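Below is one structure, written out as structure tokens; the observations come after it.
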Amino acid sequence: MLSGIDYFIVIAYIVGMLLLGLYFKKFVNSSEDYFLGGKSLPFWAIGMSIVVSDIGALDFVGVSGQAYRYGISVGNFDWVGSVPAMLLAAFIFIPYFWRGGMYTIPEYLGRRYNQKVRTIASVTWILFFALDLGVLFWASAVLLNVLMGWPIWISIISTAGVVGLYTYFGGITAVIMTDVVQFFIMFIGGFALVFLSLYEVGGWDNMVDKIATMGPEYRNHFDIIQPQDTKSPFPWTGILFGLTFVMANAYMIGNQSIVQRCLTAKNEWHAKASMIFGSALKMFIPILVLFPGLMAVVVHPGLADGDQALPLMIKSILPPGLVGLMFAAFFAGLMSSVDSLLNSTATLFTKDIYEPFIKKGADDKHYLKVGQITTLVLLIIGVATSPISSDFPGIYVAIQTFMSYFQGPIFSILLLGIFWKRTTEWGGLSALVIGIGFAIYLNVFKEQFFTIEDPFLYISWWSFLLGVIINVSVSLLTKKHTAEQLQGLVFSSKILVKNKKL
Amino acid sequence: MFNFDWLSGVSQENAKMVFLSLYAVIGILVMLLPTEYIYEGIPKEDRHWWNNLKLWSIAVLCILASIYNHF
């Protein structure tokens, strides 16, 4: 599929990423440098990094496929599913985390609730990230195998080698700065495909007219708001309650790999600005990943598997050279996801597990070394577990479903933790455990409770709501925290008017 | 109840108004934030209209509202 120029672009991209990432090794002298970039990074780099690590190669294919099947309503995930949550994060949560000098979200939960809540949250994220790593390695290997003919194991080891080397030595600074380059590669490759596809279908209006005449199943293809009784997974009620109110906030406020980036900002303004700048960039993502799927409805009608839409569009639309660039864009998506998982998991393990449970009070160089060794161990685990993906093709979906159990309850304890000072440690712990259990129960018996096939948006809402109810009820029955315990951890109007004191 | 059947009578147009109203409310809340808080981290002499995060937020919300209004 690739021509000589395409091979050159892809290999130049991979080598360039490795050299750029390794350049940042010289800035790593302490654990703060490794995990928080020495708190020295500008908003624009962090904003781009947030966006690019959020969108992986699997999302390129998956979202295009969903746009092919369900239309423009898939864009809700990057529009209403990002902007309000990122503004809430920018103006309320990030300043607390940044001023508190925190490294991880579970660290906040530990200070606000107790060590058990911190450990449960941290272990869940570590498990999720570690499992995801193997899946991503396998996905990148399949991509390299199909497009360049590389054997699977060579592909896995080369991906792990390149990303692992710069993440091991350069820490989060290398992760963020390589993300910046990956952002431009993704946008240039993605927009090239969109513009050429638009030309192929005769422009936007022509495409809309053609799709409108293709049958009743395409009637709502250009309605961003789907009716409550739609058979698609995106009814407006699910988008509003499940996505906007819960999942988006849980992702932007409770996801370590997103929030950790903002904590690397050089000052509070840059921390806030990085989220808002990221939200502006996020609005372009549906154009890159959704529009090719819509255009494929016209160019390749009647596909049984919507996930074929994007590969077919690349094959039929892009000339040599741009295919290589688009492939580099895919690879950029994968690399940015893998490096984020590596660094975030190393941070979670070092700060939430190793430091409190294995070796307290060691010198800073020791924790820096632990972070680097954890990165190495994770790489080995990721490579070793990657073949599981071939034995269980649905594992990526299974991991995402597993995470959706966690989103509602974790956001409920974050929200009440910061906005309601009466919330107690036992309230938070009960809400987390019972909320996760309830989400699993709803998913196992979903046919009995829901009319749509994939009700993950509804499950996140109801598990969030139960988390709030349990947290409030148990908190009112247990001993409240003292003002000293809550210092700097609960929202106060003082943060808005006095600035220095929380 | 779990499927929000009680909202089945709300038309797509009205549902769209719910989303647009949400953006308006967020915009108002952002505008209510004290200017000092918005600029925290920037020395007073370097504060300009282009690094006013309220304006950034309102611009993003306007684009978002335009998308939902159009589709």
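The values are calculated or read from the model by the stated rules, or taken from the named source; none is laboratory data. Note that this is a predicted model, so its numbers are computed, not measured. Counting neighbours? That spans all protein chains shown, and the Cβs are built from the backbone with ideal geometry, glycine included. Accessible surface is based on the protein model in full, side chains and every heavy atom, while ligands, DNA and RNA are left aside. Shrake-Rupley method; radii C 1.70, N 1.55, O 1.52, S 1.80 Å.
Percent of Cα-Cα pairs per 20 Å bin, from 0 to the last occupied bin, for the stretch A:4-394, please list those.
Pair shares across the bins are 28, 58, 14, 0.
All other residues with a Cβ under 13 Å from the Cβ of A:Ile55 taken together, and with Lys, Arg as +1 and Asp, Glu as -1, what is their net charge?
Around A:Ile55, the charge tally is -3.
Distance between Cα centroids, the stretch A:67-96 to the stretch B:46-63: provide it in whole Å.
A separation of 18 Å, based on Cα centres.
Enter the buried accessible area of the B/A pair, total of both sides, probe 1.4 Å, in Å² rounded to the nearest 100.
Separately minus together, B and A give about 4000 Å² buried.
Using the alpha-carbon centroid of each, what span in Å lies between the stretch A:1-55 and the stretch A:417-488?
Between the Cα centres of the stretch A:1-55 and the stretch A:417-488 lies a distance of 37 Å.
Under a 1.4 Å probe, what is the accessible area of chain A per residue, stated in Å²?
For chain A, the solvent-accessible area averages 36 Å² per residue.
A 29 angstrom limit on the alpha carbon distance is what I want to check against. Which of A:Lys39/A:Lys282; A:Lys116/A:Lys365; A:Lys282/B:Lys54; A:Lys272/A:Lys360; A:Lys369/A:Lys421; A:Lys266/A:Lys369 exceed it?
As for pairs spanning more than 29 Å Cα to Cα, those are A:Lys272/A:Lys360; A:Lys369/A:Lys421.
Given a 1.4 Å probe and heavy atoms of the protein chains only, how would you sort A:Trp125, A:Trp44, B:Trp56, largest accessible area at the top?
A:Trp44, B:Trp56, A:Trp125
How many angstrom lie between the C-alpha centres of the stretch A:112-174 and the stretch A:223-302?
22
Which net charge results for the neighbourhood of A:Leu414, defined as the other residues with beta-carbon distances under 14 angstrom from its beta-carbon, given Lys and Arg at +1 and Asp and Glu at -1?
Result for the neighbourhood of A:Leu414: +2.
Ranked highest first by the average count of other Cβ atoms within 10 Å around their residues, in what order do A:73-79, A:329-335, B:28-34, A:127-133 fall?
Output ranking for A:73-79, A:329-335, B:28-34, A:127-133: A:329-335, A:73-79, A:127-133, B:28-34.
What Kirkwood Rh does chain B have if only Cα atoms enter the pairwise 1/r average? Answer in Å.
14.6
For the protein assembly as shown, what is the calculated [θ] at 222 nm in deg cm²/dmol (nearest 500), taking -39500 (n - 2.57) for each run of four or more DSSP H residues and dividing by its residue count?
Values: 28 runs with 391 residues, N = 573.
Theoretical 222 nm ellipticity from helices: -22000 deg cm²/dmol.
Collect residues whose amide H, placed 1.01 Å from N in the peptide plane, falls under 5 Å from the amide H of A:Gln226; neighbours closer than 5 in sequence don't count.
A:Trp236
Largest first, how would A:Arg422, A:Arg261, A:Arg69 line up by accessible area (1.4 Å probe)?
From most accessible down to least: A:Arg69, A:Arg422, A:Arg261.
What do you get for the angle between helix A:322-348 and the principal long axis of chain A? Use alpha-carbon atoms, 0 to 90 degrees, nearest ten.
Between the helix axis and the principal axis of chain A, the angle is about 10 degrees.
Loop only by DSSP, 11 or fewer other Cβ within 10 Å of the Cβ. Give me the chymotrypsin sites (Phe, Trp or Tyr not before Pro) in the stretch A:421-498 that pass, ordered by residue number.
A:Phe445
Quick one: which of B:15-21, A:245-251 comes out on top by average Cβ neighbours within 10 Å, and what's the full order, highest first?
By packing density, highest mean first, the sequence is A:245-251, B:15-21.
Kindly write out, for the stretch B:40-53 in residue order, the coupling ³J(HN,Hα) from the Karplus curve 6.51 cos²θ - 1.76 cosθ + 1.60 (θ = phi - 60°), rounded to whole Hz, with x marking Gly and Pro.
3, x, 9, x, 3, 6, 9, 7, 10, 5, 7, 10, 7, 5
Would you work out what percent of the accessible area of chain A, with all protein chains in place, is carbon or sulfur (probe 1.4 Å)?
Here it works out to 67 percent.
From the phi of every residue in the stretch A:474-489, what ³J(HN,Hα) in whole Hz does the Karplus formula 6.51 cos²θ - 1.76 cosθ + 1.60 yield, where θ is phi - 60° and glycine or proline is x?
Each residue of the stretch A:474-489 in turn: 5, 4, 5, 8, 10, 5, 6, 6, 7, 4, 5, 5, 8, 3, x, 10 Hz.
Using a 1.4 Å probe on the heavy atoms of the protein chains only, list every residue of the stretch A:212-226 that has 40 Å² or more less accessible area in the complete assembly than in its chain alone.
A:Ile224, A:Ile225
From the protein chains alone at 1.4 Å, what is the descending order of accessible area for A:Asp223, A:Asp6, B:Asp5, largest first?
Highest to lowest solvent-accessible surface, that is B:Asp5, A:Asp223, A:Asp6.
At a 1.4 Å probe, which residues in the stretch A:241-288 are at least 20 Å² less accessible with all protein chains present than in their chain isolated?
With the partner chains in place, the stretch A:241-288 has these residues losing at least 20 Å²: A:Phe241, A:Asn267, A:Glu268, A:Trp269, A:Lys272, A:Ile276, A:Met283.
Once phi is turned into θ = phi - 60°, what whole-Hz ³J(HN,Hα) does the Karplus curve with 6.51, -1.76 and 1.60 give for every residue of the stretch A:429-438, x standing for Gly and Pro?
Karplus values, whole Hz, x for Gly and Pro: 5, 5, 4, 5, 5, 5, x, 5, x, 5.
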